[in-house]
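The values are calculated or read from the model by the stated rules, or taken from the named source; none is laboratory data. Just so it is clear, the model here is predicted, and its values are computed rather than measured. Note that each Cβ is placed from the backbone with ideal geometry, even for glycine, and that neighbours are counted across all protein chains shown. Note: accessible area is taken over every heavy atom of the protein model, side chains too, but ligands, DNA and RNA are not part of it. Shrake-Rupley method; radii C 1.70, N 1.55, O 1.52, S 1.80 Å.
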Amino acid sequence: MTTFSEIATLLEGQAIEVPSWAYGNSGTRFNVFGTAGTPRTVEEKLADAATVHRFTGLAPLVSLHIPWDLVDDFAALRRYAEDLGVALGTINSNTFQDDDYRLGALTHTDAKIRQKAIDHHFECIDVMHATGSRDLKIWLAEGTNYPGQGDLRGRQDRLAESLRTIYDRLADDQRLVLEYKFFEPAFYHTDVPDWGTSYAHVAALGERAFVCLDTGHHAPGTNIEFIVAQLLRLGKLGSFDFNSRFYADDDLIVGAADPFQLFRILFEVIRGGGYGPDSQVAFMLDQCHNIEAKIPGQIRSVLNVQEMTARALLVDSSALAEAQESGDVLLANEILMDAFYTDVRADLAAWREERGLPANPMRAYLESGYQQQIEADRIGGTQAGWN
Ligand code: PSV
Ligand code: MN
């Protein structure tokens, strides 16, 4: 069995990207709840994100959503973030909140609407130049509700053409990541429903196009770690949107619903070379806090990712390979489960203290007074949310 001290340095480079929208209000289609202390501005979201990083050492990047996070001067926002100790990360486009996109955006039959959606992505690329972001992440709310409503094949062709135009606009050091989701908001068919469709598009685009895997975007029972293994094998896993689901796209704290699944995913990430300094995989969170406090919610998520990474690193890979090759089914399974069942919490607490971080970031945050401070300070104005 691998020991914690053998993996301690491997945990050092872990960098998780937190979503700006996690700090704003969110909810369900039934209600969005306001909470005291919610940021009113992008700067306040960044301050909260930087707080998560300060207490955990795990979240040095913040992902932005456009237009939710539009500001006049992104170069100034970049400096503002850097002064807080974080950097601006992935830029997410948004073609799901405009009436023009009711029947599609990049797939729309009307060339003017397609161009409008393409122009939005050009705007996102301009933002990336100012923020120094590497990745443009595209999730499309496109699909149809009824058989016969749209030409499935024609929509794919238009999508490929639109994506090509966007991809060609990227600079050499920028990447496109295409997220898939099996349903919602369209219910009959979705234009990018699965990893295979995303892969087909990004493979056609070129070397700087990758798949984004949102853990909440699969049918129940899907073996997500298999998808991870396959995409890494193909060199096309660009990023994760980590969150948890019980039923559909629940956007809950990652590792909350199924810690074992998170372990299995991270094991395949490590196995496939997706973890470490040479990795091309961005570890992002995509979660919304409906009822729980937002900053502790993010802290819990990044700690869950760290904890399951540590456990996955503990797998004795040479013993596992030997058991697999000799066909020892139960021993191979036991080796994997031994690592999963190892409680690394005390070791991680000591690891943090050695690195000048609080042993228990959650307690340290709750006792820091930051929450009380923002609740007292952030009075008036309009709280941030999905708009
Ligand atoms: C869509 O459900 C999604 O996962 C995409 O990543 C969006 O940009 C994001 O959620 C918004 O939370
Ligand atoms: Mn997502």
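All Cα-Cα distances of the chain, cut into 10 Å bins from zero to the largest, leave 5, 23, 32, 26, 12, 3, 0 percent in each bin in turn. In order along the range 365-380, phi translates into HN-Hα couplings of 5, 4, 8, 6, x, 4, 4, 4, 5, 5, 5, 6, 7, 8, 9, x Hz, rounded to whole numbers, per the Karplus curve 6.51 cos²θ - 1.76 cosθ + 1.60 with θ = phi - 60° and x for Gly and Pro. Normalised by 2.2 N^0.38 Å, where N counts its residues, the alpha-carbon radius of gyration of the range 226-295 equals 1.18. Quarter the surface of the alpha carbon convex hull of the range 132-198 and you get the mean projected area, 4.8 square nanometres. In units of the compact-protein estimate 2.2 N^0.38 Å, the range 84-129 shows a Cα radius of gyration of 1.39. Between Ala130 and Gln97, the distance separating the two model label sites (each 7 Å from Cα on the Cα→Cβ line) works out to 1.8 nm. Using a probe of 1.4 angstrom and keeping all protein chains present, the accessible surface of the chain works out to 44 square angstrom per residue.
Each other residue within a Cβ distance under 12 Å of Asp328 adds +1 if Lys or Arg and -1 if Asp or Glu, for a net charge of -3. Separation of the range 285-300 and the range 358-387 by C-alpha centroid, Å? About 12 Å separates the Cα centre of the range 285-300 from the one of the range 358-387. The stretch between Glu207 and Ala376, if pulled fully straight at 0.36 nm per residue, gains 56.0 nm over its current Cα-Cα span.
What whole number of Å gives the distance from the Cα centroid of the range 1-69 to the Cα centroid of the range 129-158? For the range 129-158 versus the range 1-69, the Cα centre distance is 26 Å.
Taking a point 7 Å out from the Cα of Ala75 in the direction of its Cβ, the residues of the range 103-136 whose backbone N falls within less than 16 Å of it are 126-133. Compared with the rule-of-thumb size 2.2 N^0.38 Å for a compact globular protein, the range 218-368 has a Cα radius of gyration ratio of 1.11.
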